[in-house]
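Novice: Attaching a single structure in structure tokens format; questions to follow.
The values are calculated or read from the model by the stated rules, or taken from the named source; none is laboratory data. None of these values were measured; they are calculated from a predicted model. Cβ placement follows ideal geometry from the backbone for every residue including glycine, while neighbour counts extend to all protein chains displayed. Each accessible area value is taken on the protein alone, full model and side chains, heavy atoms only, with ligands, DNA and RNA left out. Shrake-Rupley method; radii C 1.70, N 1.55, O 1.52, S 1.80 Å.
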Amino acid sequence: MIIDGKKQAEIIRNEIKKEISDLKKKSGKTPSLTVILIGDFAPSLIYVKNKEKSAREVGINSEIIRYPKNVSEKDILEKIEELNKNDEISGILVQLPLPSQISKEKIINAINPSKDVDGFNPINVGNLSSGYDSIVPCTPLGCLLLIKKIESNLAGKHAVIIGRSNLNGKPMAQLLLKEHCTVTIVHSKTNDLQNECLKADILVAAVGVPNLIKKGWVKKNAIVIDVGINKVGEKIVGDVNFDELKDNVKAITPVPGGVGPMTIACLLKNTLTCFKARLT
Ligand code: NAP
């Protein structure tokens, strides 16, 4: 089975749109998302434009604040502080990567955890790893929603996650632990990657190496989620060799059209969560 991330993302966006419309009628308020974009890195420009467009489509007010590449860290921290204090702002996102004069750690720490729609602030990371309610990073959240569409009860499943980044691998592991999976995280220093992958009932690849996972690396009844986005020539491919695996696993996400659309849908979901928390 091929998991249609575009379709699942559309379903989520429609649910969000309806909920926002109902909440607007009841409260008279509108959720809003502010994105800070520094420099003119082409992929970031595309991501930010897509985020803004998707937010508007579901009824979220969205603003992009742009800065030149040489902006100071102090200016960005002051802007974040201003946005933290502004009750009209539900969510703040600073698009990564950042230029070298700006500390990613300081920026992530400066965003009020209750407005941290990316779920990167250590308070949210800590809440997630403690098993408490938290804002969860968008891509792993999207992966979990896709996995649960295929299998609602994940208790006892062996999940293998390739990659240990703060963005993907680590929060993915926490989410699957919360679902009572047995979780293995593998990375570039892991011995015998193939053998570890063969243990997976659920395999999540968040690596950045094109077609790393091949036929013979995954069990027949496994669910395979491919987070990777890799440019090979003019084509975008994942970390999984889709053509080799698609008829040899239980379910698999394509690239593009799998995890990518879910990431944006989950950003909107997180913005709505932050907005609702402020209403109560
Ligand atoms: P990252 O920070 O570079 O982390 C990659 C991880 O993969 C690291 O833990 C690294 O191990 C591991 N790794 C690298 N080569 C490996 C190998 N040969 N075997 C086993 N493990 C290996 O990347 P990321 O930010 O998590 O992103 C991963 C991929 O997802 C990228 O292609 C990115 O473009 C994509 N992505 C997609 C979305 C989406 O919406 N679909 C969102 C974000 C990212 P070490 O820790 O040992 O170095």
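Novice: Considering only residues that are more than 10 Å from the ligand (Cβ to nearest atom), within 30 Å of S32 (Cα to Cα) and β-branched (V, I, T), look in the range 231-280 and name the one that is least open to solvent (accessible area, probe 1.4 Å).
Specialist: T271
Novice: I'd like to verify a number: residues in the range 192-220 that are in contact (Cβ under 8 Å) with a residue 60 or more places away in the chain and either within 9 Å of the ligand (Cβ to nearest atom) or not assigned by TED's automatic domain parsing to the domain that holds E151 (or both), how many? Explain how you work it out, then say what you get.
Specialist: Going residue by residue through the range 192-220, those that are in contact (Cβ under 8 Å) with a residue 60 or more places away in the chain are 204, 206.
Add one more test, that the residue is either within 9 Å of the ligand (Cβ to nearest atom) or not assigned by TED's automatic domain parsing to the domain that holds E151 (or both), and what stays is 206.
Of the residues in that region, 1 qualify.
Novice: I need the helices (runs of 4 or more DSSP H) fully contained in the range 178-280, keeping only those with at least 3 residues that are among the aliphatic types (A, V, I, L, M). I'd like the intermediate steps shown before the answer.
Specialist: Working: elements: 193-197, 242-245, 259-279.
So the answer is 259-279.
Novice: For the range 118-132, enumerate the residues that are in contact with a Ser or Thr (Cβ under 9 Å, 6 or more places away or on another chain) and either at negative phi or modelled with pLDDT under 95 (or both).
Specialist: Kept after step one, since they are in contact with a Ser or Thr (Cβ under 9 Å, 6 or more places away or on another chain), are these residues of the range 118-132: 119, 123-128.
Within the range 118-132, I123, N124, V125, G126, N127, L128 meet the criteria.
Novice: Now for a different question. What number goes with the only condition from (1) within 12 Å of the ligand (Cβ to nearest atom); (2) among the β-branched types (V, I, T); (3) in contact (Cβ under 8 Å) with a residue 24 or more places away in the chain that I223 does not pass?
Specialist: Of (1) within 12 Å of the ligand (Cβ to nearest atom); (2) among the β-branched types (V, I, T); (3) in contact (Cβ under 8 Å) with a residue 24 or more places away in the chain, only one is false for I223: (1).
Novice: Look at K219 and say whether it is at pLDDT 95 or above and open to solvent by 50 Å² or more (accessible area, probe 1.4 Å).
Specialist: Numbers: at pLDDT 95 or above: yes; open to solvent by 50 Å² or more (accessible area, probe 1.4 Å): yes.
Yes, satisfied.
Novice: Looking at the range 155-175 only, could you name the residues that are buried (at least 21 other Cβ atoms within 10 Å of the Cβ) and either part of a loop (DSSP other than H, G, I, E, B) or not assigned by TED's automatic domain parsing to the domain that holds E196 (or both)?
Specialist: Answer for the range 155-175, where residues must be buried (at least 21 other Cβ atoms within 10 Å of the Cβ) and either part of a loop (DSSP other than H, G, I, E, B) or not assigned by TED's automatic domain parsing to the domain that holds E196 (or both): G163, N168.
Novice: Which residue out of K178, K189, K235 is charged (D, E, K, R), without any contact (Cβ under 8 Å) to a residue 12 or more places away in the chain, within 25 Å of F120 (Cβ to Cβ) and assigned by TED's automatic domain parsing to the domain that holds I147? Lay out the reasoning, then the answer.
Specialist: Working: K178 fails: without any contact (Cβ under 8 Å) to a residue 12 or more places away in the chain; K235 fails: within 25 Å of F120 (Cβ to Cβ).
After applying the criteria, what remains is K189.
Novice: Still on this structure: Can you name the condition, by its number, that E179 falls short on among (1) more than 10 Å from the ligand (Cβ to nearest atom); (2) more than 23 Å from M262 (Cβ to Cβ)?
Specialist: E179 satisfies every listed condition except (2).
Novice: What number of residues in the range 4-42 are in contact with a strand residue (DSSP E or B) (Cβ under 9 Å, 6 or more places away or on another chain) and not polar (S, T, N, Q)? First the steps, then the outcome.
Specialist: Taking the range 4-42 as the starting set, the residues that turn out to be in contact with a strand residue (DSSP E or B) (Cβ under 9 Å, 6 or more places away or on another chain) are 30-40.
This time we only want the ones that are not polar (S, T, N, Q), so: 31, 33, 35-40.
Adding up the residues that qualify gives 8.
Novice: Here's a follow-up. Check whether at least one residue in the range 62-69 is free of Cβ contacts under 8 Å to residues at least 40 places away in the same chain, open to solvent by 30 Å² or more (accessible area, probe 1.4 Å) and closer than 20 Å to L279 by Cα, and report yes or no.
Specialist: Quick first cut of the range 62-69, residues free of Cβ contacts under 8 Å to residues at least 40 places away in the same chain only: 62-69.
So of that shortlist, the ones also open to solvent by 30 Å² or more (accessible area, probe 1.4 Å) come out as 63-64, 66-69.
Then drop every residue that is not closer than 20 Å to L279 by Cα, which leaves none.
Checked the range 62-69: no residue is free of Cβ contacts under 8 Å to residues at least 40 places away in the same chain, open to solvent by 30 Å² or more (accessible area, probe 1.4 Å) and closer than 20 Å to L279 by Cα.
Novice: Within the range 107-119, count every residue that is within 21 Å of S72 (Cβ to Cβ) and within 16 Å of the chain's Cα centre (by Cα).
Specialist: 1
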